[in-house]
Amino acid sequence: MPKITIGSKTFSSNVFYAPLAGCSDFPFRAMAQKFNPGLVFCEMVKMDALIRNDKNTYRLLDYTQNMHPMGAQLCGSRLDIAADCAEIIEGLGFDLIDLNCGCPVDKVTKDGSGSGLLKKPHLIGEIISKIVSRVSIPVTVKIRAGWDDETIVAPLITRIAEDAGASAIFIHGRTRMQAYKGLANRDHIKESKKCARNIKVFGNGDIFSAEDARHMFEHTDCDGVLVARGTFGQPWIAQDIQRMQESLTPLERDYEFCRKNLVEHYHLTKAYANEKKAIMDMRRVGCWYFKKGEVGKALRGKISKAKTIGEIELLLEGLKDPKAFLNKCVTT
Ligand SMILES: Cc1cc2nc3c(=O)[nH]c(=O)nc-3n(C[C@H](O)[C@H](O)[C@H](O)COP(=O)(O)O)c2cc1C
């Protein structure tokens, strides 16, 4: 599978897993690493919270040694604390540090952070320069194509980021105004790649299968892909993409394989979170693994209403026999 060198580090694959607030938590990353993506990101952390030693923020960065290589992502726009935050991240042992310039949420953009930074491309350059001057791990930036269709800045930011010392740029082909509507426009990624000299360009947006990744590579000539929602309930998607890259036949992911992985994800969640949190997390995660079919529909309906760990365990146990599970779901 294609290796990729980003700044001072070489990663075993050019298929990375994206930062996903509220989703790429410790159990998610433990599941992900089983399938060898090039790197897995933690959820974004706010610069202000990191600098004031907020306990919950540090918990988002929890990891075990087998989760390497892993990336941390900073969200914020303050030049005065960016480098200090980066130093903390490097000290925690992360392999790569990214600056979030894509988060579309009003709460984040209102102080100019996240995709708010897209309105100030030169500030992005200044923040990156500050971070690069302080740490030796690779520094990257993750952006959306622009604030809206009239202000596409991905090619400009690619150049600014490269000049400022960033080693890779992750480009989500949607604009901020698009939020998650419509498709990611891969032409913006293609244009940005043409502007890149040495900075590595990763295509992001709507990669839910190996075929989607193939299209991203072919259409944009990108150096790597960043998968986000496509990892939900298929932590193995990196392996599927890598097999496609090596022209190997796709592996069959049958019912039993999905069931076993869901159960494993459950055990990791239960071991990591308190009971209340584990129930909430499993309501989300349980809906991911069986997206299609009657069993999936029945499971989603039930698990999203589960109130105790016992109820969740019963549902997971019931999945061993899909026919009985369906009958039970229909009659109860
Ligand atoms: C639930 C959720 C949480 C996200 N959290 C982050 C985040 O913390 N940092 C970030 O840069 N992007 C975040 N994103 C954006 C994704 O990383 C990615 O850019 C976007 O979903 C497009 O890729 P996809 O079509 O493969 O999902 C998030 C997206 C979702 C759906």
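Overview of results
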item: Pairs, first assigned by TED's automatic domain parsing to the domain that holds GLU313 in the stretch 252-271, second among the basic types (Lys, Arg), C-beta under 8 Å, six or more apart; result: ARG259/LYS320
item: Breaking point among (1) closer than 21 Å to GLY165 by Cβ; (2) outside any loop (DSSP other than H, G, I, E, B), for MET31; result: (1)
item: Residues of the stretch 168-201 satisfying the condition of being assigned to a helix (DSSP H, G or I), surrounded by 21 or more Cβ atoms within 10 Å (Cβ to Cβ) and not charged (D, E, K, R); result: HIS188, ILE189, SER192
item: Selection within the stretch 168-214 - touching a residue at least 60 places away in the same chain (Cβ under 8 Å) and under 30 Å from LEU248 (Cβ atoms); result: ALA168, PHE170, HIS172, LYS200, PHE202, ASN204, ALA213
item: The stretch 223-232, subset within 13 Å of the ligand (Cβ to nearest atom) and part of a loop (DSSP other than H, G, I, E, B), residue surrounded by the most Cβ atoms within 10 Å (Cβ to Cβ); result: ALA228
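The values are calculated or read from the model by the stated rules, or taken from the named source; none is laboratory data. All of these numbers come straight from a predicted model, not from anything done at the bench. When we count neighbours, we look across all protein chains shown, and the Cβ atoms used for this are built from the backbone with ideal geometry, even at glycine.
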